[in-house]
1. Enter the Cα centre distance for the pair region 212-230 and region 97-124, rounded to the nearest angstrom.
2. With the dipole of the chain worked out from charges on the C-beta (+1 for Lys and Arg, -1 for Asp and Glu) around the Cα centre, which of Ser59, Thr15, Pro2 lies farthest toward the positive end?
3. Does region 2-93 come out rounded, prolate or oblate, given a ≥ b ≥ c as the square roots of the eigenvalues of its C-alpha gyration tensor, rounded meaning a/c under 1.5 and, failing that, prolate meaning a/b above b/c?
4. Please compute one quarter of the surface area of the Cα convex hull for region 119-250 and express it in square nanometres.
5. For region 134-276, give the magnitude of the charge dipole about the Cα centre (Cβ charges: +1 Lys/Arg, -1 Asp/Glu; no others), in debye to the nearest 20.
6. How far apart, in nm, are two points set 7 Å out from the Cα along the Cα-to-Cβ line at Ala77 and at Arg117?
7. Subtracting the Cα-Cα distance from 0.36 nm times the residue separation, let me have the gained length for Arg68 to Ala109 in nm, one decimal.
8. Tell me the relative contact order for region 4-48 as a rounded percent, counting alpha carbon contacts under 8 Å between residues six or more apart.
Amino acid sequence: MPEGDTVHRTAHRLTEALGGATLTHGEIRHPRLSTVDLAGRVVLNVRPVGKHLFVRFDSDVSLHNHLRMDGGWHVYAAGERWRRPGHQARVVLRTAELSAIGFHLHDLALVRTADERRLVEHLGPDLLADDWDDRHAAEAAERLVAEPDRQLGVALLDQRVMAGIGNVYKSEACFLLGASPWTPVGEVDAAETVRLCRELLSRNATSVVRNTTGLTRHGEELWVYGRTRSGCLRCGGRVHAGNQGDALDRYAERITYYCPRCQRGPFPASAEQRQARRPGSAGGPARRG
C-alpha cells in the first residue's frame, strides 16, 4: 500500500535509474496523452511530494502521477520480462540500458516544472520534505486541530493536514499515542502527533519492510496493523478492525486497526468491543513478554 515512505523511496530509485539519461522511448498510455512522445528527452530527477510524484525532464516539463492504492513503478534491465501484465502499464520510459514502467498510475498530467505547485498546493506540509523545519511542524499541528471534533484517524489521512500518512501509519501512530482512532483531535497533543508521524515515515523512508516497533524479528515489525489474528504486540490482547471514514467514498473509507486495551478513547459501538475494553496503560509501548 503506497504511503509517503513508498513514494519517497520510489522517487529515489527512479532518480538513480534515470537521472541524467536520455530516453530512447517515452510513452504515456492515457487517452489525453497518448500522442505524447518523450523520446529524446533527458530525465533530470524524480521529485516526491507527499503521495505525488513528478518525473522531471529537460525543457521545463514534468510528468505528474499518483500511485493511489494500486500504482507502482518497476525498473527493469533491457529485455527483462515485466512482473506485471502489459495492459496495466500506463507509462513506459526506456533508455539504452533499462526500462522504467509505471503500472496503474493515476492523475497523469504533463505540466511545466515551474507549475508543479499548482497540483500540490492543496496539500499540508510534506512530512518527508528535505527542508522540513519548525515552521512546517507548527503549520501541520495547526491544521491538525483546525477541526477539534474531527476523528484523529480521519484527520491523519487527510493530506491537506500533512502529506504522506496512509492507513498503516495512521493505525500505528494512533497506537503509539495511546489514543483510539475515533478520539477527537482536540484531545491529543498536536505537536507530538506531528513529530511522531514524521519520525515513523523518516525511519522507513529507505526500508522496504515497514517497521514501527524497532524490533527485528519477523512478524514483530508493527504494533497493531494487520494483527487481528496474532494480537497486539504490546499486551497480547485481541486487535480489532473497523471501518473509519466516509462509507460513500471508497478512497476515504479505510479499515482501522486498534487495541482497545492499550488505546483510550471512543470506539465503534458493539457489545463485543465494549466487553473487550480494559483500562489502558499510560506508559509507552514495550515488547510483549
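Values quoted throughout were computed directly from the atomic coordinates according to the rules given, and no laboratory measurement underlies them. Worth saying up front: this structure is predicted, and the values here are computed from it rather than measured. Glycine gets a Cβ as well: all are built from the backbone with ideal geometry, and neighbour counts include every protein chain shown.
1. For region 212-230 versus region 97-124, the Cα centre distance is 33 Å.
2. Of the listed residues, the answer is Pro2.
3. Taking the square roots of the gyration eigenvalues as a ≥ b ≥ c, region 2-93 is rounded.
4. 9.0
5. Result for region 134-276 is approximately 560 debye, rounded to the nearest 20.
6. With each label point 7 Å from Cα toward Cβ, the separation is 4.4 nm.
7. On the way: separation 41, 0.36 × 41 = 14.76 nm, distance 1.49 nm.
Going from the current span to full extension adds 13.3 nm.
8. Working: 54 pairs, mean separation 20.9, N = 45.
That works out to 46 percent.
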